[in-house]
Each structure stands twice: as structure tokens, then as C-alpha cells.
């Protein structure tokens, strides 16, 4: 099969599965009205599939900071962090993240994907082992591949399974990096961090926790699962993203291990990517302040999450195992998922559609992401439409 | 050594039957992806079952060189008897 034949096969598979006349995985957003509303296909649409957990994308403070940065420093750095791409703002943001987590070191990256790629491939190498949850995000899988370390999966959130796999490694568990996520993006469930830390200590391994979906969402000040569980001193490395609760784009890694800074000299994704724009850094610095002070935003976020989860559960939808701002409706077939997704869009609600093989266990997902700034009326409307569409998937 | 391999092959074929159509014939030369239609997700789940069955760790990286049933049996044999 030639290079282009492979792409033709992809096109044929998409055509067989997806409806004509609508680009399910590339819908053009024609206009954005607010953190929760936009125009799609000439119609006003409610966003229920973004990761804008705290609704900060339209924060006046963040917008003003970005404007000022563009005025003062221009549109881009045009260079890598290792060359001319580390401005005072980049260093200041690293210090602010380190202070936020009460950690010694922080490295800021251009995307959250790159943060995992750079951190994992910088920490682990040939001869080491990376032990990853089966439901890990693609950036974790790709970081592991890039590292050259041996990749072992354990069953999602199954601690007996993790222990079995650590035990099999024998002495090699000492050079093993266990990688888990604060909130998993597919089903919205948390990692059992206390049990993971206990196993890490028993087997003398190292733990990396990706707080991409839990930063700003869990914990009193929004640090994530480490704060909710009180285990920040037990986790070796924390990665995360600016593109969800912080409303921008970028990523970070924090640690109390001083060796983290050495990633700047060996990690190829860090070295060979242009650094975040001044506007991104400035808006993220403003957003981080709002996130830390965002107790009321988190209260509203969780209120909305509980409301929607309860409503969908009452309606008989199969959902992820626990309440979180990521609320996944689990469907048996791609056709059911497509019908529900299209029905929601026809009623002016945009959610995420996830089909096999991206969804776990061969299922399909229609995934809602709740925001602190969704109004009570918007949540009620979503509940009404899900009720109306219940028969679509019977 | 040969009998170890044969036993592994038999146990592997038993596992593979759970991942494919009932009447498919499985031989050492059978191609896992093209003939048994074991996609990437099924393969990852199969590997977890194999790890438990043989009490070994199969790195995902090692699967890059595996295309047939024989190659997978060979990989399991190597890990089971030479690397652990």
C-alpha cells in the first residue's frame, strides 16, 4: 500500500461511518459570542464540549494582559526557549507556577501535548520502564514512544493490576515512571492517587501526574488532585495545560526534584519548538491568579456538573463512574452516538463525539464538558434536550 | 525449548480465538491484523491477557516487529525464557 493509498483508506472509513454534509470532526466555528456561545452554520450554539472549565477565555483581565503583551513585545517570540524565546514573562510564569505548587522548579512549554512529550521523553530513556494507565491521553503514549523506554500498560484505575505489573519488573521497578491523570478525559474519573503513591513507595518508583483536566477544578486553590488528596509531597512530577481551565494554550511541569531543570538541555520537544507567544504568557499569568482565587467559580462549576450528571442519570443514560465536569454519555454503537450528537447539534448544543478506537472498551462517547459560567437556564435546556433525545438511542 | 514454544503457541491460539470470528482458522503464519482483524485496541487488550497468562511484561514497543501469530509466540517465548 502506497503512502497515499493509506490516506484513501482513512477517507473511505470516514465516509462509511460519518454522515454526509457535515464535518463532524472539524466543525467551523463562525463566530464566538462568549465563553459558552458561538455561531455554527449560521445558528447560535451552546458550547458544551469545550474544556473552558472556569470560563476564563473572555475574562477582561486576561484579555487586557494579552493586549498589553502584544503592544509591548509583539506577536511572537520567533524562537525556542533555549535560544531567544525565554522572555521575562516566561520566567515569571515559571516562578508563579512553582510558587503556586510550593515546588522548587517549573518548566513552561508551548502546548500541553508538548509538556507531556518533553517531560516523559526527558525523564525516561532506553532501559527504563514507563507504566501507564490504559486510558492515558495520546500525549502520554506519544511521550513514552519518544522516550525509548519500555512501555507497559495497566488496566484503567485497577490498582491490583498495577501492583502485579510492578511486581513482575523486580528490581527494574526502581527505574520505572508511573504515569496517571488527575481526571481522565474520556470518562471524567479520577486516579486513585493515594493507592498509586503507596505502590510507588513500595516499589521505589517515580510518579508523574497529569493534571490537565483537574487544574483549577479540584482542590481548594485549584492545584488539582494533589491538593484534593493532600499528596503533593508524594508526587514527583506534575504536568498540566493552559488550554483548559486557564483558557489559553501551553503547558507546564513542576517538581521538587531540582533535576527537572535539566530537561531544558536534553528534551527535544522543549528545545526544538518556538516558545509561547507573549500574549499567551500574559493571559495565562492573569488567569493563574484568577484560578487561585476562583473558589466561587469552582463552586459553580461543581454545581453545574452535579446538576447535569444527576439529570442524565435520572434519564437512564449510561455515564462515567463519578461526577465531574467531564460527563461522558456511553453508547454501545457509533451510530447511536452519532444520532445523539447530531440531535444535540440540531437543537443548538455542541458536544464532543468520540468513536472507536479513541473511546475505551470499543464503546462510543458523547462527551459534555461543563463550565462554571454555564447558567442555570442553559443547564436546564441541556437536560430538556437530552430527555427529548432519549428515544433516539433506544 | 521447542516444546515450550509449542505450548506457548497453543495457549496463544486459545486466547486469540476470543478476539476473532468463531470459525477462523489460526495457524502460526496467520497475520494478526490483516487476517484476524485484530485492531490496535484489541491488540493492546490481548497483550494484557497474555501478560497475565504467562506472568510476563510485554513492552508495547516490542510489538512493532510482530505481525504473525508465530512472531507473537516467539516474542512471548523470548521474554518468558531468556529475559526474565
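The values are calculated or read from the model by the stated rules, or taken from the named source; none is laboratory data. Being a predicted model, the structure only gives us computed values, none of them experimental. Glycine gets a Cβ as well: all are built from the backbone with ideal geometry, and neighbour counts include every protein chain shown.
Any chance you could count how many residues in the range A:260-280 are out of contact with any strand residue (DSSP E or B) (no Cβ under 8 Å at 6 or more places or on another chain) and buried (at least 23 other Cβ atoms within 10 Å of the Cβ)?
Result for the range A:260-280: 5.
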Residue under evaluation residue A:251, criteria (1) under 30 Å from residue A:381 (Cα atoms); (2) under 20 Å from the mean Cα position of the chain (by Cα), criterion not met: (1)
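Every residue in the range A:201-223 that is under 16 Å from residue A:96 (Cα atoms) and under 16 Å from the mean Cα position of the chain (by Cα), please.
Answer for the range A:201-223, where residues must be under 16 Å from residue A:96 (Cα atoms) and under 16 Å from the mean Cα position of the chain (by Cα): A:215, A:216, A:222, A:223.
May I ask you to verify whether residue A:170 is in a helix (DSSP H, G or I) and within 12 Å of chain B (Cβ to nearest Cβ)? Reasoning before the result, please.
Numbers: in a helix (DSSP H, G or I): yes; within 12 Å of chain B (Cβ to nearest Cβ): yes.
Taking the combined requirement at face value, the residue satisfies it.
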Hits in the range A:158-167 - residues which are away from chain B (no Cβ under 11 Å) and buried (at least 21 other Cβ atoms within 10 Å of the Cβ): A:162
Could you count how many residues in the range A:303-354 are without any contact (Cβ under 8 Å) to a residue 24 or more places away in the chain and either at positive phi or surrounded by fewer than 17 Cβ atoms within 10 Å (Cβ to Cβ) (or both)? 8
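Per-residue answers, yes or no, for (1) buried (at least 18 other Cβ atoms within 10 Å of the Cβ); (2) under 21 Å from residue B:3 (Cα atoms); (3) more than 12 Å from every other protein chain (Cβ to nearest Cβ):
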position: B:42; (1), (2), (3): yes, no, no
position: B:52; (1), (2), (3): no, yes, no
position: B:55; (1), (2), (3): no, yes, no
position: B:64; (1), (2), (3): no, no, no
position: B:67; (1), (2), (3): no, no, yes
position: B:73; (1), (2), (3): yes, yes, yes
position: B:76; (1), (2), (3): yes, yes, yes
position: B:81; (1), (2), (3): no, yes, yes
Subset of the range A:20-30 [over 24 Å from the mean Cα position of the chain (by Cα) and surrounded by 11 or more Cβ atoms within 10 Å (Cβ to Cβ)]: A:22, A:30
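Which residue is surrounded by the most Cβ atoms within 10 Å (Cβ to Cβ), if the candidates are limited to the range A:356-368 and must be more than 18 Å from the chain's Cα centre (by Cα) and touching a residue at least 24 places away in the same chain (Cβ under 8 Å)?
First, pick out the residues of the range A:356-368 that are more than 18 Å from the chain's Cα centre (by Cα): A:356-357, A:361-364.
Still in the running and touching a residue at least 24 places away in the same chain (Cβ under 8 Å): A:363-364.
Details: A:363: 20, A:364: 22.
Here the answer is A:364.
This table checks each residue for (1) closer than 15 Å to residue A:200 by Cβ; (2) touching a helix residue (DSSP H, G or I) at 6+ places or on another chain (Cβ under 7 Å); (3) away from chain B (no Cβ under 12 Å).
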position: A:119; (1), (2), (3): no, yes, yes
position: A:136; (1), (2), (3): no, no, no
position: A:149; (1), (2), (3): no, no, no
position: A:155; (1), (2), (3): no, yes, no
Out of everything in the range B:17-40 that is surrounded by 13 or more Cβ atoms within 10 Å (Cβ to Cβ) and touching a residue at least 40 places away in the same chain (Cβ under 8 Å), what residue ends up being nearest to the other protein chains (Cβ to nearest Cβ)? B:32
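Is it fair to say residue A:37 is surrounded by 15 or more Cβ atoms within 10 Å (Cβ to Cβ), under 22 Å from the mean Cα position of the chain (by Cα) and free of Cβ contacts under 8 Å to residues at least 12 places away in the same chain?
Values: surrounded by 15 or more Cβ atoms within 10 Å (Cβ to Cβ): yes; under 22 Å from the mean Cα position of the chain (by Cα): yes; free of Cβ contacts under 8 Å to residues at least 12 places away in the same chain: yes.
Criteria met by residue A:37.
Does residue A:222 meet the test of being surrounded by fewer than 24 Cβ atoms within 10 Å (Cβ to Cβ) and at positive phi?
Details: surrounded by fewer than 24 Cβ atoms within 10 Å (Cβ to Cβ): no; at positive phi: yes.
No, not satisfied.
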Check the range A:179-201 and report whether any residue there is within 14 Å of another protein chain (Cβ to nearest Cβ) and either in contact with a helix residue (DSSP H, G or I) (Cβ under 9 Å, 6 or more places away or on another chain) or part of a loop (DSSP other than H, G, I, E, B) (or both). yes
Test set (1) crowded, with 18+ Cβ neighbours inside 10 Å; (2) within 12 Å of chain A (Cβ to nearest Cβ); (3) assigned to a helix (DSSP H, G or I) - residue B:9 fails condition number: (2)
Just need a number here: residues in the range A:124-143 that are farther than 14 Å from residue A:209 by Cα and buried (at least 23 other Cβ atoms within 10 Å of the Cβ). 2
Checking residue A:94 against (1) closer than 30 Å to residue A:352 by Cβ; (2) touching a residue at least 12 places away in the same chain (Cβ under 8 Å): exactly one of these is not met. Which one? (1)
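Does residue A:215 qualify as being part of a loop (DSSP other than H, G, I, E, B), away from chain B (no Cβ under 11 Å), touching a residue at least 40 places away in the same chain (Cβ under 8 Å) and more than 22 Å from residue A:253 (Cβ to Cβ)?
No.
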Could you tell me which numbered condition residue A:55 fails, if it satisfies all but one of (1) surrounded by 15 or more Cβ atoms within 10 Å (Cβ to Cβ); (2) in the same structural domain as residue A:142 (by TED's automatic domain parsing)? (2)
Just to be sure I understand, how many residues within the range B:47-61 are part of a helix (DSSP H, G or I), free of Cβ contacts under 8 Å to residues at least 24 places away in the same chain and within 12 Å of the chain's Cα centre (by Cα)? 3
Only unsatisfied item for residue A:17, checking (1) within 18 Å of residue A:374 (Cα to Cα); (2) touching a helix residue (DSSP H, G or I) at 6+ places or on another chain (Cβ under 7 Å), is (1)
